Amino acid sequence: MERKPFIAGNWKMNMTAASGAKLIDELKPLVKDADCDVALCVPAILIPAMAEAAKGSNIAIGAQNMHWEAKGAFTGEISADMLKEYGVKYVIIGHSERRQYFGETDETVNKRTKAVLAAGMTPIMCIGETLSEREGGITEDVLSRQLEKDLEGVEDVTKVVIAYEPVWAIGTGRTATDEQAQETIAFIRKKIGELFCPKCAEKVIIQYGGSMNAGNCKGLMAQPDIDGGLIGGASLKCDFAKIVNFDK
Ligand code: PEP
């Protein structure tokens, strides 16, 4: 089963309209011949300017969160229509930083994921275990719970991108080994097969995220179940192009 690789950057709370547009201008020629899908998930306020900067290129613009309601009294949140107005294609949902620092739960991740799908965009739904969970030998239990709850009621799982991001590898410089990432992502695919159907699981794009960079991307991307990367720190510089061009 052919799955098109997908490399997405997560700028988190970094960059400004000026520095972001400059980086996108520099990246455009470097990634134009990519064989994979490419996206940059930028802070909400930068979406209009980054959409303009990326116009006519193969860089899609994504958001980092989205509310499940269409509108209303939800101070600080952002709606599907607001994102779609600027051509946003992808929305990161349930990033571990949102789960850790902003009270995101499996229930809200589930609501947001379904709302992104209903709006015709693609959720990049993040799951992953903490260091103590890995060391406690409960990684598979944690991932199973997240997949069951976060995907509950999703009709077409093939429209969801899953980002497997071990929390201990995010922003720490400590990457999962190729084997660890492969083994865990193969488990995730098997679990999706059980929850939905094996054929659907074969179609689902599953990214690895956690200190992925120009140096380690080739080994990770060579693994049979790893279809891409969600890249934090390394998406803030031109090195991101080297990850996008991992196969060149
Ligand atoms: C992320 O923010 O999703 C991430 C993987 O960050 P980093 O690449 O910096 O570890």
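Since every read-out is calculated from the coordinates, none of them should be taken as a lab result. Please read these numbers as outputs of a predicted model, since none were measured by experiment. Here Cβ is always computed from backbone atoms with ideal geometry, including for glycine, and neighbour counts include all displayed protein chains.
Centroid-to-centroid, using Cα positions, segment 162-229 and segment 1-51 are 20 Å apart. Under the criterion of Cα pairs below 8 Å and six or more residues apart, the relative contact order for the chain equals 22 percent. Electrostatic bookkeeping for residue 176 treats Lys and Arg as +1 and Asp and Glu as -1; over the other residues with beta carbon under 10 Å from its beta carbon, the sum is -2.
Once you order the gyration tensor axes a ≥ b ≥ c over the Cα atoms, which shape class does segment 70-174 get: rounded for a/c under 1.5, otherwise prolate or oblate by comparing a/b with b/c? Since a/c reaches 1.5 and a/b is larger than b/c, the shape of segment 70-174 is classed as prolate. Taking 235, 211, 19 as the candidate residues, the one with maximal mean-square fluctuation in a Gaussian network model of the chain, Cα springs under 10 Å, is 19. Within the chain, all pairs of alpha-carbon atoms sorted by distance into 5 Å bins from zero give the percentages 1, 7, 15, 19, 21, 18, 12, 6, 1, 0.
Computed on segment 42-146, with alpha-carbon pairs under 8 angstrom and 6+ residues apart, the relative contact order is 23 percent. Per-residue Karplus couplings for segment 232-239, computed as 6.51 cos²θ - 1.76 cosθ + 1.60 with θ equal to phi - 60°, are listed in order as x, x, 6, 8, 8, 9, 4, 4 Hz, Gly and Pro entered as x.
Residues 50, 13, ranked from the fewest to the most other C-beta atoms within 10 Å, line up as 13, 50. Semi-axes of the equivalent ellipsoid for segment 1-44, computed as √(5λ) from the eigenvalues of its C-alpha gyration tensor and ordered from largest down, come to 23, 14, 5 Å. Taking θ as phi - 60° and the Karplus parameters 6.51, -1.76 and 1.60, the scalar couplings of segment 133-139 work out to 5, 5, 5, x, x, 10, 3 Hz in sequence order, x denoting glycine and proline.
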